[in-house]
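The values are calculated or read from the model by the stated rules, or taken from the named source; none is laboratory data. The structure displayed is predicted, hence computed values, not measured ones. Here the Cβ positions follow ideal geometry from the backbone for every residue, glycine too, while neighbour counts run over all protein chains shown. Quick note on the areas: whole protein, heavy atoms, side chains included, nothing else; ligands and nucleic acids left out. Shrake-Rupley method; radii C 1.70, N 1.55, O 1.52, S 1.80 Å.
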Amino acid sequence: MSDDTHHELLLGKATPVVEEYAPQLLYPIPRSRARESLGFNEGLSFSGADLWHAYEMSWLNKEGTPVVRVGRFLIPCSSPYMVESKSFKLYLNSLNNTRFNSDEFVRKAIVQDIGNIAGTSVELELLPVDSPELSGQELAGHCLDELAIEVEAGEPSAQMLQTDTQQLVEETLYSHLLRSLCPVTGQPDWATVWIHYRGRALEHKSLLRYIVSYRSHQEFHEQCVERMFRDISSVVAPKTLSIQAFYTRRGGMDINPFRSSDPGQRPLPRIDRQ
């Protein structure tokens with residue numbers, strides 16, 4: 001991406017600490033730009049959401065005593081905008097010295113602010129930091145990471161994926177080897193990617209080579225998963241396909257984009273790595 005594409009983003013810039021509640025810090029990124037480049041001009045072939053965990057949330061109760069929670073956000077992928085991650089973090093930090101009468105008061109304020117930026121209704125759970133709901137879950141399926149592959153430099157492409165057009169399967173696969181680069185700062189983002197599909201059988205080594213090819217690819221987390229959905233769909237002709245990436249936390253937040261051909265499916269919980 002060109003240097004001026006995201007020139008107004010806070011990513012990669014020195015920013016002062018904001019001590020007062022500041023919803024104006026939130027910055028939207030249109031989903032349409034990347035989707036047009038992926039060929040999603042005539043509507044989406046998937047549903048899903050971006051699941052965020054915010055591990056450093058705090059504010060003051062009505063007596064002025066600090067409260068700490070972990071926030072679990074669900075932003076539908078049908079929203080016209082993503083929320084830029086650094087602006088999200090700075091916005092949450094701006095709550096630190098603001099008094100709220102209860103958790104429900106602060107939850108409603110945050111849901112309204114994030115919804116206004118994303119352009120749709122969002123979900124938020126405020127969890128105690130020791131909640132068992134935050135325990136990492138073990139992924140179902142077969143891990144690809146022990147396969148012996150040769151890796152060549154280059155960008156991810158559907159042409160890397162090989163299938164058996166005569167064999168139809170339903171299987172669940174995952175890899176911990178996903179690394180992509182932030183399109184603004186160039187810094188690496190690390191993730192586990194989980195794939196469930198029913199369709200033409202993917203050759204596992206080709207899929208692992210494809211996942212590893214993101215190692216030098218610059219794109220936001222959400223866009224990487226949508227690229228994967230497009231590429232895998234184009235070769236397996238799936239009856240069903242679901243993909244989720246579990247990115248490790250940065251700045252006290254993790255992002256877990258989930259895309260599925262089944263509108264009834266919801267994202268999986270966090271994993272221990274995060």
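Within the set of pairs 6+ apart or on separate chains, which have a first residue in segment 184-207 that is closer than 19 Å to Cys224 by Cα, a second that is in a helix (DSSP H, G or I) and open to solvent by 50 Å² or more (accessible area, probe 1.4 Å), and C-beta atoms under 8 Å apart?
That search, which allows pairs on different chains as well, returns Ser206/Met160.
Step by step: first the residues of segment 221-261, then only those that are out of contact with any Ser or Thr (no Cβ under 6 Å at 6 or more places or on another chain) and in a loop (DSSP other than H, G, I, E, B), then the one that is least open to solvent (accessible area, probe 1.4 Å). Which residue is that?
Among those residues, the one meeting the criterion is Gly252.
Looking at (1) within 29 Å of Gly136 (Cβ to Cβ); (2) modelled with pLDDT of 95 or more; (3) open to solvent by 20 Å² or more (accessible area, probe 1.4 Å); (4) not in a loop (DSSP other than H, G, I, E, B), which is the one condition that is false for Phe105?
(1)
Please verify whether Val184 is modelled with pLDDT under 95, aliphatic (A, V, I, L, M) and open to solvent by less than 70 Å² (accessible area, probe 1.4 Å), treating the condition exactly as stated.
Yes, satisfied.
So which of Gly64, Gly71 ends up being under 19 Å from Val122 (Cα atoms) and either at pLDDT 90 or above or β-branched (Val, Ile, Thr) (or both)?
It is Gly71.
Starting from residues that are in contact with an Asp or Glu (Cβ under 9 Å, 6 or more places away or on another chain), of a type outside the set (Asp, Glu) and farther than 17 Å from Ile149 by Cα, keep the ones in segment 162-181 and report whichever is most open to solvent (accessible area, probe 1.4 Å).
Taking the candidates together, the pick is Leu181.
Surrounded by fewer than 15 Cβ atoms within 10 Å (Cβ to Cβ) and in a strand (DSSP E or B): is that true of Val17 in this structure?
no
Among (1) touching a Phe, Trp or Tyr at 6+ places or on another chain (Cβ under 8 Å); (2) under 23 Å from Asp50 (Cβ atoms), there is one condition Gly251 misses while meeting the rest; what is its number?
Just one mismatch for Gly251, condition (1).
Among the residues of segment 28-61, write down those that are without any contact (Cβ under 8 Å) to a residue 40 or more places away in the chain, part of a loop (DSSP other than H, G, I, E, B) and open to solvent by 60 Å² or more (accessible area, probe 1.4 Å).
Asn41, Glu42, Leu44
Can you find a residue in segment 187-199 that is open to solvent by 20 Å² or more (accessible area, probe 1.4 Å), of a type in the set (S, T, N, Q), within 25 Å of Lys86 (Cα to Cα) and in contact with a Ser or Thr (Cβ under 8 Å, 6 or more places away or on another chain)?
Scanning segment 187-199 turns up no residue that is open to solvent by 20 Å² or more (accessible area, probe 1.4 Å), of a type in the set (S, T, N, Q), within 25 Å of Lys86 (Cα to Cα) and in contact with a Ser or Thr (Cβ under 8 Å, 6 or more places away or on another chain).
Pick from Glu146, Glu155: which is out of contact with any strand residue (DSSP E or B) (no Cβ under 9 Å at 6 or more places or on another chain), among the charged types (D, E, K, R) and touching a residue at least 40 places away in the same chain (Cβ under 8 Å)?
Of the residues listed, the single one that is out of contact with any strand residue (DSSP E or B) (no Cβ under 9 Å at 6 or more places or on another chain), among the charged types (D, E, K, R) and touching a residue at least 40 places away in the same chain (Cβ under 8 Å) is Glu155.
Can you tell me which residue in segment 223-253 is farthest from Gly43 (Cα to Cα), limited to those that are of a type in the set (A, V, I, L, M) and under 14 Å from the mean Cα position of the chain (by Cα)?
Met253
Which count do you get for residues in segment 254-272 that are within 21 Å of Ser45 (Cα to Cα) and of a type outside the set (Lys, Arg)?
Selection size over segment 254-272: 11.
Can you tell which of Leu147, Leu139 is open to solvent by less than 50 Å² (accessible area, probe 1.4 Å), outside any helix (DSSP H, G or I) and more than 30 Å from Leu60 (Cα to Cα)? Show your work before the answer.
Numbers: Leu147 fails: open to solvent by less than 50 Å² (accessible area, probe 1.4 Å).
Unique residue meeting the criteria: Leu139.
Say we look at segment 62-75 and pick out the residues that are in a strand (DSSP E or B) and of a type in the set (D, E, K, R); which of these is least open to solvent (accessible area, probe 1.4 Å)? Steps first, please.
The initial filter retains those residues of segment 62-75 that are in a strand (DSSP E or B), namely 66-75.
If we keep only those that are of a type in the set (D, E, K, R) as well, we get 69, 72.
Details: Arg69: 60, Arg72: 39 Å².
By that ranking, first place goes to Arg72.
Among what's in segment 116-136 and is open to solvent by less than 80 Å² (accessible area, probe 1.4 Å) and β-branched (Val, Ile, Thr), pick the residue that is nearest to Val193 (Cα to Cα).
For segment 116-136, the residue satisfying everything is Val122.
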